[in-house]
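For reference, the structure is listed below as C-alpha cells.
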C-alpha cells in the first residue's frame with residue numbers, strides 16, 4: 001500500500017494520498033480509510049489533491065462527500081489539480097462540493113501522447129474549459145512549472161486558446177475553446193480565489209493591490225499565434241516598479 005505524505009505551506013496541504021496520485025478505483029479498504037482520516041484532519045485546512053485522470057478521481061470525490069457530511073468543506077476551497085480529462089459528471093460533483101480545479105497546460109507538451117491513449121474525438125474535449133465555466137466550478141489556470149512544463153503564462157494562455165501542442169498539432173475543438181477574456185480571468189482572478197485573495201488581487205480595481213504588468217503586445221488584439229511571444233516591459237508589485245526593460 002502506498003503511504004501518504006503531505007506538504008504544509010501557508011496553511012495549505014498538498015497531498016499525494018495513500019491511494020496514489022494516479023490510482024484507479026481498486027484501492028483496498030485500508031488505503032481508503034487512511035485517505036479518509038487524512039481528509040478528516042484536513043477539514044479545517046486548505047487542501048489540494050493531485051489527480052491525473054477522470055478514471056481515478058471518483059474514489060477521491062467519494063471520500064470528499066463522506067467528509068462533507070460530517071464537516072462541510074464548501075468554504076474551505078479544496079482543489080483538484082491536473083485532472084485534464086475531467087468529465088461533466090466529475091465537474092458537477094466538484095461544483096456541488098465547492099471544490100475548485102487547478103488547471104495546467106499539460107496538453108501542450110503531452111498532447112501527442114494523450115492522443116494515442118484517448119483518440120482524436122476525446123481530445124476535442126480535453127480539457128473541458130468551457131463546460132467547467134458553465135457548470136460553475138472555480139478554475140485557476142497555471143503551468144505546473146518548472147520541472148515538467150514551461151513557467152511562461154503566455155505560452156499556457158496561447159494553448160488554452162488554440163489547443164495546439166508544442167509540435168503544432170491542434171487537438172481541442174471549438175466547443176471547449178474559451179474566449180480570451182475567460183482564459184485570462186482563469187489565470188488571474190480565478191487563481192486568486194484559491195488563495196482567498198480575490199478581494200485583494202486578480203483584477204485591476206479600486207482598493208486592490210497595484211500588482212500589474214505593462215506588456216509588449218496587446219493580448220486582446222494580437223493574432224493568437226503571437227500570444228506566446230508576449231513579454232512584460234514593466235512590472236509593478238504593490239504599486240512599486242520592480243522590473244523595467
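For the reader, a short list of remarks on this structure follows.
- Test: residue 144 is under 14 Å from the mean Cα position of the chain (by Cα), within 21 Å of residue 177 (Cβ to Cβ) and at pLDDT below 90: yes
- Looking across segment 190-199, just one residue is touching a strand residue (DSSP E or B) at 6+ places or on another chain (Cβ under 9 Å) and surrounded by fewer than 15 Cβ atoms within 10 Å (Cβ to Cβ), and that is 196.
- Sole residue being touching a helix residue (DSSP H, G or I) at 6+ places or on another chain (Cβ under 8 Å) and under 25 Å from residue 99 (Cα atoms), chosen from 203, 191: 203
- Scanning segment 67-88 for residues that are over 24 Å from residue 148 (Cβ atoms), touching a helix residue (DSSP H, G or I) at 6+ places or on another chain (Cβ under 9 Å) and outside any loop (DSSP other than H, G, I, E, B) turns up 67, 68, 70, 74, 76, 88.
- The residues listed here are 202, 207, 167; of these, the one that is assigned to a loop (DSSP other than H, G, I, E, B), surrounded by fewer than 16 Cβ atoms within 10 Å (Cβ to Cβ) and on the phi > 0 side of the Ramachandran plot is 207.
- Selection count where residues are modelled with pLDDT of 70 or more and surrounded by 14 or more Cβ atoms within 10 Å (Cβ to Cβ), scope segment 21-36: 5
- Counting only residues that are under 16 Å from residue 160 (Cα atoms) and in contact with a helix residue (DSSP H, G or I) (Cβ under 9 Å, 6 or more places away or on another chain), segment 206-234 holds 10 of them.
- Any hit, segment 121-134, residues being in contact with a strand residue (DSSP E or B) (Cβ under 6 Å, 6 or more places away or on another chain), assigned to a helix (DSSP H, G or I), in contact (Cβ under 8 Å) with a residue 12 or more places away in the chain and crowded, with 22+ Cβ neighbours inside 10 Å: yes
- Residue check, residue 81 touching a strand residue (DSSP E or B) at 6+ places or on another chain (Cβ under 8 Å), surrounded by 18 or more Cβ atoms within 10 Å (Cβ to Cβ) and modelled with pLDDT under 95: yes
- Selection status of residue 137, at negative phi and in a loop (DSSP other than H, G, I, E, B): yes
- Scanning segment 225-245 for residues being out of contact with any strand residue (DSSP E or B) (no Cβ under 8 Å at 6 or more places or on another chain) and exposed (fewer than 13 other Cβ atoms within 10 Å of the Cβ) gives a total of 4.
The values are calculated or read from the model by the stated rules, or taken from the named source; none is laboratory data. The structure presented is a predicted model; accordingly, all values stated were derived computationally and were not measured. Because the Cβ atoms are built from the backbone with ideal geometry, glycine has one as well, and the counts that use them run over all protein chains shown.
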